[in-house]
Each structure stands twice: as C-alpha cells, then as structure tokens.
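The values are calculated or read from the model by the stated rules, or taken from the named source; none is laboratory data. These numbers were taken from a predicted model, which means no experiment stands behind them. Cβ placement follows ideal geometry from the backbone for every residue including glycine, while neighbour counts extend to all protein chains displayed.
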Amino acid sequence: MGEKSKTLFQRAVRSIPGGVNSPVRAGKAVGVDPLFISRAEGCFLWDADGNKYIDYVCSWGPMILGHGHPEVVSSLKERLSDGTSYGAPTELEVEMAEAIIDMVPSVEMVRMVNSGTEAAMSAIRLSRGFTGRDKIIKFEGCYHGHADSLLVSAGSGVATLGIPGSPGVPEDLARHTISLPFNNLDVVIEAFEKYGHGIASVIVEPIPGNMGVIIPNVEFLKGLREVTRDNGSLLIFDEVISGFRVSPGGAQELYGISPDLTCLGKIIGGGLPVGAYGGRREIMERMAPQGDIYQAGTLSGNPLAMAAGLATLAILKKGDVYRKLEEKGRALFSGLGNAARSAGLNVVVNHIGSMGSIFFTANPVEDFASAKESDVEMFKRYYRTMLEKGIYLAPSPFEASFVSIAHNEEIIQKSIYCAEESLRSI
Ligand SMILES: *Cc1c(COP(=O)(O)O)cnc(C)c1O
C-alpha cells in the first residue's frame, strides 16, 4: 500500500470508527488496510498515491455505466446551477417514478428514499402496516441494509466480519424476524404452517449478492410467491443489486415473478445516494400522506440524485446494453473459472449476467451455509495478489464482483491473465 493511503488511514482511524464510513470497506476480512481513492474514470480507479486499478467493485454495484459516464456527468452539471435541494416536488421526481414504473414490471407506484437501507426498512413497515401483522421472514446471508428488523443473520459486512446480529437490536424486535436458509422452500412452508397468519411479509434478494452471488432456484422464488399469496402476506423483492443489473426490470422480469413490493437502490442513483420502494398501487396508497403509514425524507428525490439516476436509466433502456453486459460477464467469470481450474484449484463461479463471485470450494454454493464452507484463507491470498496486480475486488469472500459497460474485452482479458498468475501463485 502506498504511503498516502497509509497516512490517510492512520488519520482516519482517529476520527472515524475503524477509519471507514461503511464496515465492508475496511479490508479487515482480507488483512489489508483500505486504499484511499482519489479519482475514477470508466473502469479505472486511482488511489491517493496515484496507483491505477481495474475496478470490479463499481461502488458495490451502482456504477453499471462505469465511472464518470459523459451523459451522467453532463446531466449533473446542467442541474447543479439550478440548486441542489428544495424540499419541494420537482418534475424530475415524476420522471423518475414514471421511468421506474415503466421498467420494473410489478411497480405501479413508487416512493424515493436516500438509501437501500431506507427502502427495505420502509417496505417492511408498509408490509406490517398493510397486513396488520408483525412477523417477517428473511433468508440467511441476504442483506437488506442495517435496519433493526433486518440485521438478523445478515450478509455483506455482517457476514464478512462474522457478526451474528448486532448489539442494539432489541430482542423484542428481533424475535419477529424468522431467518431461514435460501433456496429451501420446504422450511418456508413449515414456517407458514406454524405462524401463517402472523407473517406480514417475506423479504428476499431474488438473486443474492451479499453472501457472494447465489443462483436462485426459480421454483423456490415461485414457491415464495405462492405461499405468501395463499397466506395473505406480502412478497418483497429486494432488488437493490439485481434491479437494472440483470435486466432492465431486474430479477422479477428475468424470472417472470411479480412481487408485491420491490426495493431498489444503487444503480437508480447513478452513483449518488438513492433508494426507492414501490409496488402494487393498493399497497403503496397506504403510505402517508395518501394513507396512514408514515415515512419521510428531507433529501428524498433530491434533484441531483434524480438527474444522475435518470441519465443512467435512459442509457440502460437503449439498445443492447444488457446483451453486452451479459457477454462481458460471461467472458470474465468463465475466464476466472478456467484460470482457477488450470491452476489445479477447486472453485465454484456463480454468475448471472454482469454480477458474479468466485468461491474456493469443490461443492455447489447454493446458500449461506455452503458459501461459508469455502476457503476464506485462499480468498485472502487471491485478493491480495490481485490487488498487487492492479485488480480491485471487493475485500470479502462474501461479496459480488460487478462488470460495467466500460470494461472492454482487452481489460477483461488482462484481468483474466492477472487471475491466472495470481491463482497459480496461491
Ligand atoms: C446494498 C444493499 C442494501 C442497502 O443499501 P444501502 O444503500 O447500502 O443502504 C439493501 N439491500 C441489498 C440487496 C443491497 O445489496
């Protein structure tokens, strides 16, 4: 690590807990200190010491167009001179709502918030208010942000740092959250037999990305749709990662499943802080001020965030972006798998389109338990040797890598070549 990153980190730990504003950035799980980033363009990052990296974190998902896409930048610049926040409705928010409704099949009404955490927290509140029930079902290793009810057996940083839950979440609240293994419909049906009329909603990442990428069994997702419908509870798809990532309409479009509520974030902000939740009109109409369930936000629908998001969605809607992303994803992830096998390593590479993960294990990775069986020490060595070669990956075995439209064939081939060298050396 360069001197400047080192010095900045030493300064940061004095004034920010752990030196970072989000735990996953710290690099604790892979035994490195974080790089401080000073600039990004296309698929590249530069750290404070001027080192250049090929970026497969893409800000944990949002930068599907790469960094500083010219149309996003010009749209931001144009808005900037008109003021940065009014706390009053704008035309941009209507355009954003219409764009989301147009692209995401099950969404008939939508509310903008400032993060994925807020989106999931609000969707849960709405499901409880709408059904008049308290219990929710989530899945082990799925991450839905850090709201109290959702920090039970959560993925992402909670999984990376091996935290079972979190102090500060009242037992009285946590007991309403039932956490079950992903891809296992039988246990969900059992839970409904036991608590059926107490369950407000089932929240799921239809394509989990926070325990590493897991390929959903489509029958499992369809089963969730049926069992929730049959029991009068709501199905919530948390598409904060998969939304606009795997297809214009997310996983629900890819698999043809219609959830009651959908959480969005990451990509819809085009790199600015945004989240959204939406769904069936009859349910969304319960939100204040139309209805009686409360949720609010000073900066919600912020004009700059809307401008960046709308510019991003406009490009994603055009032409054959998803076919290209699919090709890039396939090239990268199959290349990584081949590289590992030719180095004599057992790996499982799970990927859908432009999101994927490599697990150092011989067994299929279909849920959190099997993800945790992968060789974490091996991942650490892989991570560190890749970083030395200028490839920037998420510093955890339980996160996704993302490809953007700015990753061209040459960059992908170069990354695979680096992986071949790295995998042979570990
Ligand atoms: C990132 C993420 C969140 C939380 O979003 P923030 O903007 O970090 O609060 C929620 N759900 C999923 C599936 C995510 O990947």
Which listed residue is within 16 Å of the ligand (Cβ to nearest atom) and either outside the structural domain of ALA251 (by TED's automatic domain parsing) or among the polar types (S, T, N, Q) (or both), from PHE360, PHE368: PHE368
Boolean, THR117 is more than 16 Å from the ligand (Cβ to nearest atom) and buried (at least 18 other Cβ atoms within 10 Å of the Cβ): no
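Okay, residues lined up against (1) under 16 Å from VAL110 (Cα atoms); (2) of a type in the set (A, V, I, L, M, F, W, C); (3) in contact (Cβ under 8 Å) with a residue 60 or more places away in the chain; (4) not assigned by TED's automatic domain parsing to the domain that holds ILE100:
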position	(1), (2), (3), (4)
GLY271	no, no, yes, no
VAL274	yes, yes, yes, no
TYR277	yes, no, yes, no
ARG280	yes, no, yes, no
GLU285	yes, no, yes, no
GLY297	yes, no, yes, no
GLY301	yes, no, yes, no
GLY309	yes, no, yes, no
Unique residue being in contact with a Leu (Cβ under 7 Å, 6 or more places away or on another chain) and either more than 16 Å from the ligand (Cβ to nearest atom) or assigned to a loop (DSSP other than H, G, I, E, B) (or both) when the list is VAL72, VAL107: VAL72
Check on ALA123, assigned by TED's automatic domain parsing to the domain that holds ARG286, small (Gly, Ala, Ser) and either within 12 Å of the ligand (Cβ to nearest atom) or touching a Gly at 6+ places or on another chain (Cβ under 8 Å) (or both): yes
Residue pairs meeting the criteria (Cβ under 7 Å; at least 6 apart or on separate chains; first on the phi > 0 side of the Ramachandran plot, in region 143-158; second within 10 Å of the ligand (Cβ to nearest atom) and outside any loop (DSSP other than H, G, I, E, B)): GLY145/GLY116; GLY145/THR117; GLY145/ALA120; GLY145/MET121; SER156/VAL24; SER156/ASN210
Number of positions in region 269-301 that are of a type in the set (A, V, I, L, M, F, W, C), assigned to a helix (DSSP H, G or I) and under 30 Å from GLU41 (Cα atoms): 0
Residue that is surrounded by the fewest Cβ atoms within 10 Å (Cβ to Cβ) [pool: residues in region 35-91 that are more than 22 Å from ALA394 (Cα to Cα) and hydrophobic (A, V, I, L, M, F, W, C)]: ALA88
Cβ-Cβ under 7 Å pairs, at least 6 apart or on other chains, region 240-268 side under 23 Å from ALA305 (Cβ atoms) and in a loop (DSSP other than H, G, I, E, B), far side among the basic types (Lys, Arg) and more than 11 Å from the ligand (Cβ to nearest atom): PRO248/LYS317
